[in-house]
Amino acid sequence: MRIAIIDDDKASRITLKHMLQAWADRNLLEIICDCFSDGNSFLSALLHQQYDIVFMDIYMEEKDGIQTAREMRRITPDCCLIFLTSSEEHTMQAFPCHAFDYLLKPLEEKRFVQTLTDFLHIFPEKQPYIDLPLGKQVVPVLYSHLEYVSADSNYCIIQAQEQYRCRMPFHKIETLLADDERFCTINRGILVNLDYVDSMEDYTCRMKSGISFPMNTKKKADLKQTLITYRFNIRRKRLSRR
């Protein structure tokens, strides 16, 4: 997820970036934050870079946030725009810019988190997710929220933000997740998301939640190497973004 912060106050940019990173870490999301001190530099970057969320301060010198947002909409009509300001007086001007929300400074943590949670409800269109058949309902679950899957006869137990038991063959879920490097089958009928794994030692895969699963004894070395390689690749990606 790529996020732009446009604010002429350096301290505000730094504070918001830290809040976003803390939120992303709690939700196991990968984010990149690009910061801009003025609207013109952001609009120039927008010609060759797309953003999922744009945090736009309204009160800025030279070109204010409303004017910048209007020009932004001519380039990218679909990204999520969130206005930041110390006053509510420009609320009506923000509506034609199709803003997702309007946050007052200083940012309140609860309000900030709620706005981003609301955004995640629409973000599955851009993030990979799996549809789980639950009776007459189909529940979409983000890959990033899926901790593990375990076979249970003709059903599967799926642990995400909630636990689900759905009538779906294990091999079907395994096939759906096969192309995502986060997921690894560690034993017959047991698949884990490596983001949620704490360790793989002594033939046991221990999850960060505290639950443990037995590993395939013949594949123990390969499974441990898969975890090591995955974590190395994650660190390399994070370093390359700095």
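The values are calculated or read from the model by the stated rules, or taken from the named source; none is laboratory data. Values in this document were obtained by computation on a predicted structure and should not be read as measured data. Counting neighbours? That spans all protein chains shown, and the Cβs are built from the backbone with ideal geometry, glycine included.
Tell me, yes or no, whether the range 3-14 has at least one residue that is in a loop (DSSP other than H, G, I, E, B) and surrounded by fewer than 17 Cβ atoms within 10 Å (Cβ to Cβ). Yes; the residues of the range 3-14 include at least one that is in a loop (DSSP other than H, G, I, E, B) and surrounded by fewer than 17 Cβ atoms within 10 Å (Cβ to Cβ). When the residues of the range 28-49 are filtered to those that are in a strand (DSSP E or B) and without any contact (Cβ under 8 Å) to a residue 60 or more places away in the chain, the one that is surrounded by the fewest Cβ atoms within 10 Å (Cβ to Cβ) is D34. Scanning the range 171-208 for residues that are crowded, with 16+ Cβ neighbours inside 10 Å, aromatic (F, W, Y) and more than 15 Å from A151 (Cβ to Cβ) yields a single hit, Y196.
Note on the range 15-27: residues that are within 10 Å of the chain's Cα centre (by Cα), surrounded by 15 or more Cβ atoms within 10 Å (Cβ to Cβ) and farther than 12 Å from E109 by Cα total 2.
Kindly indicate the residue of the range 127-136 that is part of a strand (DSSP E or B) and out of contact with any Cys (no Cβ under 7 Å at 6 or more places or on another chain) and also surrounded by the most Cβ atoms within 10 Å (Cβ to Cβ) among those meeting that condition. Talk me through it step by step, then tell me what you get.
Initial filter on the range 127-136 (part of a strand (DSSP E or B)): 129-134.
Next, only the ones that are out of contact with any Cys (no Cβ under 7 Å at 6 or more places or on another chain) stay: 129-131.
Values: Y129: 17, I130: 19, D131: 12.
Top of the filtered list is I130.
When the range 152-181 is filtered for residues that are charged (D, E, K, R) and in a strand (DSSP E or B), the ones remaining, listed by number, are D152, R165.
Taken over the range 1-26, the criterion of being more than 16 Å from I82 (Cβ to Cβ), out of contact with any strand residue (DSSP E or B) (no Cβ under 9 Å at 6 or more places or on another chain) and of a type outside the set (K, R) is satisfied by A11, H18, A22, D25.
Of everything listed in (1) closer than 21 Å to L28 by Cα; (2) of a type in the set (F, W, Y); (3) in contact (Cβ under 8 Å) with a residue 60 or more places away in the chain, the single unmet condition for F183 is (3).
Can you tell me which of C97, C79, C35 is of a type outside the set (A, V, I, L, M) and modelled with pLDDT of 95 or more?
Values: C97 fails: modelled with pLDDT of 95 or more; C79 fails: modelled with pLDDT of 95 or more.
None of the others qualify; the one that does is C35.
Out of C184, C205, I need the residue that is touching a Pro at 6+ places or on another chain (Cβ under 8 Å) and in the same structural domain as G135 (by TED's automatic domain parsing). Which one? Matching residue, one of C184, C205: C205.
For the range 209-230, name all the residues that are in a loop (DSSP other than H, G, I, E, B), surrounded by 12 or more Cβ atoms within 10 Å (Cβ to Cβ) and under 29 Å from the mean Cα position of the chain (by Cα). Give the derivation first.
First pass over the range 209-230, keeping only residues in a loop (DSSP other than H, G, I, E, B): 209-211, 215-216.
Right, trim to surrounded by 12 or more Cβ atoms within 10 Å (Cβ to Cβ) and you get 211, 215-216.
If the condition is that a residue be in a loop (DSSP other than H, G, I, E, B), surrounded by 12 or more Cβ atoms within 10 Å (Cβ to Cβ) and under 29 Å from the mean Cα position of the chain (by Cα), then I211, M215 are the ones that fit.
Looking at the range 104-113, can you tell me whether even one residue there is without any contact (Cβ under 8 Å) to a residue 60 or more places away in the chain, among the basic types (K, R), touching an Asp or Glu at 6+ places or on another chain (Cβ under 9 Å) and surrounded by 17 or more Cβ atoms within 10 Å (Cβ to Cβ)? Within the range 104-113, none of the residues are without any contact (Cβ under 8 Å) to a residue 60 or more places away in the chain, among the basic types (K, R), touching an Asp or Glu at 6+ places or on another chain (Cβ under 9 Å) and surrounded by 17 or more Cβ atoms within 10 Å (Cβ to Cβ).
Please pick out the residue among V113, V139 that is within 20 Å of the chain's Cα centre (by Cα) and in a strand (DSSP E or B). Working first, answer last.
Values: V113 fails: in a strand (DSSP E or B).
V139 is the lone residue from the list that is within 20 Å of the chain's Cα centre (by Cα) and in a strand (DSSP E or B).
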